[in-house]
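The values are calculated or read from the model by the stated rules, or taken from the named source; none is laboratory data. Predicted, not measured: the structure shown is a model, and the values here were computed from it. Counting neighbours? That spans all protein chains shown, and the Cβs are built from the backbone with ideal geometry, glycine included. Ligands, DNA and RNA are excluded from the accessible area calculation, which covers all protein heavy atoms including side chains. Shrake-Rupley method; radii C 1.70, N 1.55, O 1.52, S 1.80 Å.
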Amino acid sequence: EPEVTQTPSHQVTQMGQEVILRCVPISNHLYFYWYRQILGQKVEFLVSFYNNEISEKSEIFDDQFSVERPDGSNFTLKIRSTKLEDSAMYFCASNLAGGLEQYFGPGTRLTVT
Amino acid sequence: KQEVTQIPAALSVPEGENLVLNCSFTDSAIYNLQWFRQDPGKGLTSLLLIQSSQREQTSGRLNASLDKSSGRSTLYIAASQPGDSATYLCAVIGNAGNMLTFGGGTRLMVKP
C-alpha cells in the first residue's frame, strides 16, 4: 500500500542552523502539507502546497520557513535559522484532492539544542 | 477560529469493553472530520473520514458518527483489545481551505 515517507526520522541541530526536512508524498497525490506537534501539545497546521505554490499557511509559518517541491517526488520543509522552540515532531501529509482524506508520514523529530 | 476539544483526555478500560470517545468543535461549518490513531512517538494513522453530509462511517470494530449541527462526533470502539491502546485524535477541515484542525486527543489504555 502506498505511503508517505519522511527523512530523517530524527535530526539534532544547534540553534541558528538551517535544517531541511524531506518528504516523499504518495505518488499520485496533488496536495501536500506540513504539520508539527510540540511534545505534549496538539498537532498544528503549518502550510499546504498545491500546483507548485503555497495555498495556505498558518501564523507559525513565518519567514524562517519555506517549502519546495524540487523534483517530481520530494517535498521539503526548510527552517532557515532554528530556534529552541522549533523542537517538535514534523509531519508531512498528502492527499489526492483538497478536502479528502489526508495521509500522514511517520514524522521527523527535530531537536534544537 | 475553529477549536476542537476531545473528552476524556485519558481513558483506561478492561479488555472487551465497548467504549466511546468524544470530539466537539466550535464552528459547525466543516467540510469533513477525520479520526486518527497515534502510537507513542509515531505518525498518524487515518482511521475514518466522515464527510459533512454523512452521519456515520464504519470500519471493522470502529464506528464514527457526526452531528454537524451540534458540533460533535463520537468514535465507538467495540470489544476493545490491548492492541487498541493508543492516542486517538479527531480533526476537522472547514469549508474554506484544506487544513486540518486537531483536538488534543484521548489517550486510551486497554488492560488485558
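Structure summary
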| read-out | value |
| --- | --- |
| Within the range A:4-113, strands (runs of 3 or more DSSP E) holding 2 or more residues that are closer than 30 Å to B:N32 by Cβ and either at the interface with chain B (Cβ under 8 Å from one of its Cβ atoms) or at pLDDT below 95 (or both) | A:31-37, A:43-50, A:53-57, A:88-95 |
| Filtered residues of the range B:14-54 (kept if charged (D, E, K, R), in contact with a strand residue (DSSP E or B) (Cβ under 6 Å, 6 or more places away or on another chain) and open to solvent by 60 Å² or more (accessible area, probe 1.4 Å)) | B:E15 |
| Residues satisfying the stated conditions in the range B:67-112, i.e. open to solvent by 10 Å² or more (accessible area, probe 1.4 Å) and among the hydrophobic types (A, V, I, L, M, F, W, C) | B:A78, B:A79, B:A96, B:M99, B:M109 |
| Candidates B:S59, B:S28, B:S53 - the one that is among the small types (G, A, S) and without any contact (Cβ under 8 Å) to a residue 12 or more places away in the chain | B:S53 |
| Matching residues, the range B:24-54, being of a type in the set (F, W, Y) and facing chain A (nearest Cβ under 10 Å) | B:Y31, B:F36 |
| Some residue of the range B:1-23 being among the basic types (K, R), within 11 Å of another protein chain (Cβ to nearest Cβ) and out of contact with any Gly (no Cβ under 6 Å at 6 or more places or on another chain) | yes |
| Residue list for the range B:55-88, restricted to those being more than 13 Å from chain A (Cβ to nearest Cβ), farther than 21 Å from B:G104 by Cα and in contact with a strand residue (DSSP E or B) (Cβ under 7 Å, 6 or more places away or on another chain) | B:R55, B:E56, B:R61, B:S80, B:Q81, B:P82 |
